[in-house]
Structures are given as structure tokens and as C-alpha cells.
1. Keeping the other protein chains in place, figure out the carbon and sulfur percent of the accessible area of region B:2-240, with a 1.4 Å probe.
2. Which lysines, if any, have their Cα less than 22 Å from the Cα of A:Lys187, not counting same-chain residues under 8 positions apart?
3. Which residue, A:Gly87, A:Gly46, A:Gly222, tops the fluctuation ranking in a GNM of chain A built on C-alpha contacts under 10 Å?
4. In Å², nearest 100, what accessible area do chains A and B bury in total when the solvent probe is 1.4 Å?
5. Which one, A:Leu113, A:Leu166, A:Leu128, has the greatest fluctuation when you compute a Gaussian network model over chain A with C-alpha springs under 10 angstrom?
6. Report, as an integer, the average count of C-beta atoms from other chains found within 10 Å of each Cβ along A:49-55.
7. Given the C-alpha centroids of region B:129-202 and region B:1-63, what is the distance between them in whole angstrom?
8. What's the center-to-center distance, using Cα atoms, between region A:104-135 and region B:75-121 in Å?
Amino acid sequence: MNDNYLIETKDLCKYYNDGKIKALDNVNIGVEKGEVVVVIGPSGSGKSTFLRSLNLLEMPTSGKIIFEGHDITNHKSNINKHRQKMGMVFQHFNLFPHMNVLKNMTIAPIKLLKMSKQEAEEKAMDLLRRVGLADRSNAYPSQLSGGQKQRVAIVRALCMNPDVMLFDEPTSALDPEMVGEVLDVMKNLAKEGMTMVCVTHEMGFAKEVGDRVIFMDEGMVGEVGTPDQIFSDPQNLRTKQFLQSVL
Amino acid sequence: MQEWFLDQKDKFYLNFIKDDRWRYLWDGLGVTLQITFFAVLIGIAIGMVIAAIKSTHDKTIDSIRIKILKYFLKFLNFLCNIYLTIIRGTPVVVQLMIAYYIIFQSSNNKVTIAILAFGINSGAYVAEIIRSGIMSIDAGQTEAGRSLGFNYIQTMFYIVIPQAFKNVLPALANEFIVLLKETSVSGYIALQDLTKGGDIIRGRTFDAFMPLFAVAVIYLIMVIFFTKLVNILERRLRKSER
């Protein structure tokens, strides 16, 4: 075991239909602190399932997930406590439509971290300023554009001071002209040293920001390497085919 | 024309004024409102518990890792299903009579028995309304709540239920209107509610038109008033989203 790993999976498997469908098949991945790992692969390759099992939104069939030294797949571990340290951003934003932006961001720190309302709101406003949305703090999600929604979703997760951020295709549901503003926020986050695991189809982002790229295929890790290795000299045939079709 | 008018005046006097017959309607209205009000409270209480059990079962049964908990929840869900099947599968009048003549045979507190019978009946419908509201909220909302670190119950209370409530308000209001009108069968256990009151007047005066129309108009006014109230509430809730 590598002590530098912030989060590590050991023989992670997720089966459906009594093992007939293997969404994840013995996945062993470690993510170091401060590292940006980008997961790519064809649709149905298990990359979203992999990401969603890191905070147990998908319950793995077998295998272990070690987060900050704790085996979170153990029944006795308090998954709610660990999730507070793992921010998650979804493809479809999943903002709470009945709360305004500020409330969306502060409800979790106030209720879970016992932050005072004032402290939480100051933190939220500070984060909103950094993503250029300070003037939208009182808006409801239905009044925001897709790009704005996703930026709010990112800072909502950041409000909990997470140790790692999980991104599940954060730009896939956006209009093309809004992809850039969300990627910029993610790039800044990476620059500040945030540990990130991103499932994405943005190969440009993977090349520019990724420290490591993981290619997944049929529930297995097909290839792991630096962006340079993967994009210019892929070893695996499936990786080559995939990259040819998307680049 | 004038003759007809005088005739109506006489009938009005006969049906409502003479021997203080309006009191049958007035007292009956009191009983109807009393039964409806408390039955609604019982219905909501039962409905929320059943909906909570059933939707928790549907949403989480596959991810529960502790065996005993899993079987316990399955058992509770089974009990809820029996309750829903029986209550929704039999007429409310029959349930009312079973409650009065069989289950609470020894008691003569008709109003309380009616409240219990209608409350237990309404609970089944309220449960399904609330459950459909909870299930209608996108799974992404639950996932977002859980990913922030909220536990299942917190996620329900802060995120899912407020949205579900807004969605089911019209259906819930409809259920209460139905309940208000359904209490008109209370006469089957010789309870003098509004409908029975009108019927008693009819029996005394041998004039069906006036007392029965009066009863109908009173129900109608109550329903219109309640509908208005719900509309105001609905609009206020919607406002928070715009």
C-alpha cells in the first residue's frame, strides 16, 4: 500500500444481474494528494460507476475503498462523515431547486459542520466571487444558465472544505459555449492543489490539467499513464481505437 | 308568480324556522366539520408514516447491508401493503359499519368512531399521494444531498420532502375535499351529521327539495372556500422558485 494515496481502490468490483454484467472488474487505482486524475473511456465502460463508487453512491459488490486510511466499504465506517470530505459534481448539476444559490451552498456546512450562518455565508460569497457569480447569490437555480448552475454546484461542494473533488462528466450536459467557463473553474481548482478525479470527454482538459489519465474499457482499467503517454503513444489497442474516434 | 313565491316562503318557514329545525343543519354541520378535521389529522399522520416506510423500502432496500435491518424493513413494508390493500379495496361505508358494529361494539361514542374510521381510511390514500410525491423527485436530488454528507433522513427532510410537498399539494387538497364529502355516509351509524340533519328535516316535513338543496349548498360553499385557500397556499409556494 502506498502511504501517499489519499484514496485507493483494491480489487473493486460491481456486478449486476448476479454477475452477468460486470460494470467494474477488479479496478485498482490510487490517487495521490494533490493529483488530478482524469478518467476517459467509451460509454458503458464503467467510468461513471467507478467514480460514483468512490463515495459509495454505487455500492461495490466486492473490493475495498481506502479513503484517508479508512476502509469506507466496511459496514462500521460512517460513510456520511467521509462523504463530507469528498465533494461531488454531477453531470446534471443537481442543485436544490427550492433554495437560492446561497442556501444551496450553506445548508450543508451549517447543518453538518455546525458553522454559523454568518460564517457559512461569508465563505459562500467568497467562493462565489472567485467563480464570478457573486451577483447571483439570491437567484434560484431555475434562473441560472447551465454554465452558471455547474459553477454553483462546484462551489457548493467546495463549501464543505473537501479533501478530494469528484467530477462526473461536469460539462456533458452543457451548451458548447458554456463548457469553457466551467473548465476554467476546474483548472483554477487544480492549480490551487485540489485533489481531483474527473470523468470527462474533454480531451483538451485531460491533456492540459491531468497528471494522470486512466483509460477504462468494459469495467477494467485499460491503460494508465501521463497525458503525454496516453495521447501520443497509447499502448493498448482499445485506447488507440477510442482516441482515434474522439480526437 | 306571487303565489309561488308565497308558497316558497311557507316552505322555508316549515323546513327551517318552525320548531327550530335549522338546528339540525347547524348541529350537523358542526359534527361534519369535527369528523373531517380530526380525520384529516389522523389521515396525514398515518399517511406520512406509511409513505416514509414504503418509499424508504423502495429506495434503499438494495443498499442496506445489515441483514436484520433489511428483513425488518421488508416486514414493515409488507404490513403497509396489507393495510393499503384492505382499506382501498373495501367501501368506506362498510369500514365505518365494521368499526361501529364490530370493532368498537362496546363503545357508543359515535363521533370518535367515525373520526377513527374516516381517518384510517383517508390515511391509505394520503400515503399513496405522499409516496408518489417523494418518488417523483429526481434521484439526483437525493444523490446530491447524500454526497454532501447528509444522512438519509436529513436528505429527506431538507431536500426531498419540501419539493415533494409542493408537487402533491393539489392531490392532497383533492383528497381532503373527498373526505369532507365522504363523511356524509355517517348516517349509517345513526350519526347526525349535516346530511343526516337534512334528511331528518325531510322526514318531518315531507318536503325533500328545500332541506336537501340546503345541505348541498352548504357542502358546496365549504369546498369552494377550501379550494380558494389551497390555491393561495399553492401560489405562495410557487413564488419562492421564481
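The values are calculated or read from the model by the stated rules, or taken from the named source; none is laboratory data. Computed from a prediction, not measured in an experiment: that's the story for all the values here. Backbone-built Cβ (ideal geometry, glycine too); neighbour counts: all protein chains shown. When the accessible area is computed, the model is the full protein with side chains, heavy atoms only, and any ligands, DNA or RNA have been set aside. Shrake-Rupley method; radii C 1.70, N 1.55, O 1.52, S 1.80 Å.
1. Percent of accessible area from carbon and sulfur atoms in region B:2-240: 68.
2. Reachable lysines: A:Lys33, A:Lys47, A:Lys85, A:Lys123, A:Lys149, A:Lys207.
3. A:Gly222
4. What A and B bury together is about 2300 Å².
5. Taking springs between Cα atoms under 10 Å, the residue moving most is A:Leu113.
6. The shielding value for this peptide is 1.
7. Cα centroid to Cα centroid, the span is 17 Å.
8. The distance from the Cα centre of region A:104-135 to that of region B:75-121 comes to 50 Å.
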